[in-house]
Amino acid sequence: MSNLRSTKLHVAMFPWFAFGHITPYLHLSNKLTERGHRVSFLLPKGAQAKVEHLSLYPNLIHFYPLLVPSVDRLPPGAETTSDVSLPLRGHLRVAFDQTQDQVQTILSSLKPDFIFFDFSPWMPALAHQIGSKAICYSIVTPATQALKVPTKEKPEDMTVEDFMQPPPGYPPSCVRIKSKDYEIAQLKVFAKALGTDLSLYVRITYGLIRSDALAYRTYHEFEGPYCDYLRQHHAKPVLLTGPVLPKAPATKLDEKWTNWLCNFKQGTVVYCAFGSQNKLQKDQFQELLLGFELCGQPFLVALSTPDGCATIEEAFPEGFEERVKGRGWVYGGWVPQTLILEHPSIGCSVTHCGYGSLWESLFSDCQIVCVPYLGDQIVGARLMVEEHKVAVEVEREDNGWISKESLSKAIISVMDEDSEIAGLVKYNHAKLKEKLTSEGMQERYLDTFIQNLQGLMD
Ligand SMILES: O=c1ccn([C@@H]2O[C@H](COP(=O)(O)OP(=O)(O)O[C@H]3O[C@H](CO)[C@@H](O)[C@H](O)[C@H]3O)[C@@H](O)[C@H]2O)c(=O)[nH]1
């Protein structure tokens, strides 16, 4: 064992061509190289310049740029999901698969000990051919994958109806997909083949089935039963890295934000952001703003400009700016979320429950309101609301619409100090946060993760 522990690993990373995937893979790479291991990182050529500043150990993290082939209907030069609208994502996956020859040439010469991948079901065969182990490293909550383990011989045969029922042996849990039109529509997106491409479900599931081990960015203390269920169902090791959030930036929150936030009492400002991918329709955007207005609290909302509008101001509801002057700020760009969540005036995080934002909200002292959009975000919200009871979820209408009353009601329910639910989620959140932020926990998880990898080596 002591020999194994001193073995320095060489890990290759090949995440899906999306910054939401590349970034967490890079955060893990930093943690591996901090311990003296070596990382070879394969990514689209143009993406390298956008992320290499995140690499903390440039002497141990080596980037290998890939040329993303031009594929029918893909805009020229498209490399990542940021360059491609939702309906064309299937074509990007085709281009992603067509990098296989380049990937094979690079990996065959590197012969890493491990290859981490998520969306390339062909990777395990390639890895085994060159004597590497294939680790399916998922950047979303494992509870999502536990709910959707294939219960038919072929993942292709799974239907949306199959996903509505938890699979046999699924942990006793309230984490479920609800039979509402909106949630069913999200499942359909996941299960439907796009153009010539496999469905996302089939693509991911074959990766899970063929890999040597599964890895997740979570703690057993947060969603242990789902990890255990996956281990049992797939009959292979399930390794946990912990959330691996990057260290808070050394910089302080800019005056632009602090000057405004300082106008408000401690714990009163509602912060809202929906991650890197969500673009709302103008009518839903306006309704949400009216919901913030209605809740009566000060608010800082960072959302992208809705579809079809040139500026964020153009999308404001009639008279909104005047009415909320001095207590509401709607910002149409990128904000320093982790620093904002730490500001003492912030008292509530209204989040889409992307896995990164979910962890950041959990590690803050804010009350949490969940507004999930995509499949894994819905499951993440259920974990927070139904399982751990640390948050509330905004009620949607069957078709997915969120009314101003519904948003405002959810915010008031956690911000009104006299409300029973506010006290309950605050108490549970504080208890869970204490458990998840105990001294040295993240580093211990990473040490164990690496030992487990070393144990997988022949
Ligand atoms: O104005 C902003 C908005 C976001 N962030 C940061 O950007 C990251 C966003 O990550 P995440 O919360 O995971 O959201 P998305 O990028 O939208 O998430 C995509 O990737 C996630 C996995 O990482 C999935 O769970 C989601 O479904 C998928 O939409 C977080 O660290 C935020 O702190 C900012 O700093 N400023």
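Numbers below:
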read-out	value
Criterion: open to solvent by 10 Å² or more (accessible area, probe 1.4 Å), touching a helix residue (DSSP H, G or I) at 6+ places or on another chain (Cβ under 7 Å) and either more than 12 Å from the ligand (Cβ to nearest atom) or at negative phi (or both) - qualifying residue of GLU397, GLU386, GLU393	GLU393
Top-ranked residue in the range 244-267 [being within 15 Å of the ligand (Cβ to nearest atom) and touching an Asp or Glu at 6+ places or on another chain (Cβ under 9 Å); ranked as modelled with the lowest pLDDT]	ALA248
Tally of residues being surrounded by 13 or more Cβ atoms within 10 Å (Cβ to Cβ) and touching a residue at least 12 places away in the same chain (Cβ under 8 Å) across the range 76-91	9
Any hit, the range 396-406, residues being within 19 Å of SER179 (Cβ to Cβ) and among the aromatic types (Phe, Trp, Tyr)	yes
Selection status of THR251, of a type outside the set (D, E, K, R) and exposed (fewer than 14 other Cβ atoms within 10 Å of the Cβ)	yes
Meets criteria (open to solvent by less than 50 Å² (accessible area, probe 1.4 Å), among the polar types (S, T, N, Q) and within 23 Å of TYR25 (Cβ to Cβ)) for GLN451	no
Positions within the range 145-178 being outside any loop (DSSP other than H, G, I, E, B), open to solvent by 10 Å² or more (accessible area, probe 1.4 Å) and within 16 Å of the ligand (Cβ to nearest atom), in sequence order	GLN145
Residue in the range 301-314 that is away from the ligand (no atom under 16 Å from the Cβ), touching a residue at least 24 places away in the same chain (Cβ under 8 Å) and open to solvent by 50 Å² or more (accessible area, probe 1.4 Å) present	yes
Top-ranked residue of the range 268-297 - restricted to ones that are in contact with a His (Cβ under 7 Å, 6 or more places away or on another chain) and modelled with pLDDT under 95, ranked as nearest to the ligand (Cβ to nearest atom)	GLY275
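Listed here are the residues, each with its yes/no results for (1) more than 30 Å from GLU386 (Cα to Cα); (2) open to solvent by 10 Å² or more (accessible area, probe 1.4 Å); (3) of a type in the set (D, E, K, R); (4) modelled with pLDDT of 95 or more.
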| position | (1), (2), (3), (4) |
| --- | --- |
| PHE299 | no, no, no, yes |
| TRP329 | yes, yes, no, yes |
| VAL335 | no, yes, no, no |
| THR338 | no, yes, no, no |
| THR351 | no, no, no, yes |
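The values are calculated or read from the model by the stated rules, or taken from the named source; none is laboratory data. Just so it is clear, the model here is predicted, and its values are computed rather than measured. So basically every Cβ, Gly included, is an ideal-geometry build from the backbone, and we count neighbours across all protein chains shown. In case anyone asks, the SASA skips ligands and DNA or RNA and just uses the protein heavy atoms, side chains included. Shrake-Rupley method; radii C 1.70, N 1.55, O 1.52, S 1.80 Å.
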